[in-house]
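Working notes, structure below.
Read-outs throughout are calculated quantities, based only on the coordinates presented, and are distinct from any laboratory measurement. Quantities reported herein were computed from a predicted structural model and do not represent experimental measurements. Heads up, the Cβs are rebuilt from the backbone with ideal geometry, glycines too, and the neighbour counts pull from every protein chain shown.
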Amino acid sequence: MLGWALGFFILAIVAAALGFGGIAGASAGIAQILFFVFLALLVLTFVARAVRGRSPM
């Protein structure tokens, strides 16, 4: 049980170091950009399939 507690303590220290630094903000910005890129690709895929005459699902 002490091993698990030590493992989670180290994990919490690493998460705090990443969260309290500027890495968290940069990661959120990158995630937002990737979300919109993949959303645009999804819409383009549905439009392309509709133009070719296939059903979207």
Item to check | Loop sites in the chain: trypsin sites (Lys or Arg not before Pro), DSSP, at most 15 other Cβ within 10 Å | outcome: Arg54
Item to check | Cα point-scatterer Debye curve for the chain, base-10 log of I(q)/I(0) at q = 0.22, 0.25 Å⁻¹ | outcome: -0.85, -0.93
Item to check | Phi-based couplings in Hz for the stretch 31-36 (Karplus 6.51, -1.76, 1.60; Gly and Pro marked x) | outcome: 4, 5, 4, 4, 4, 6
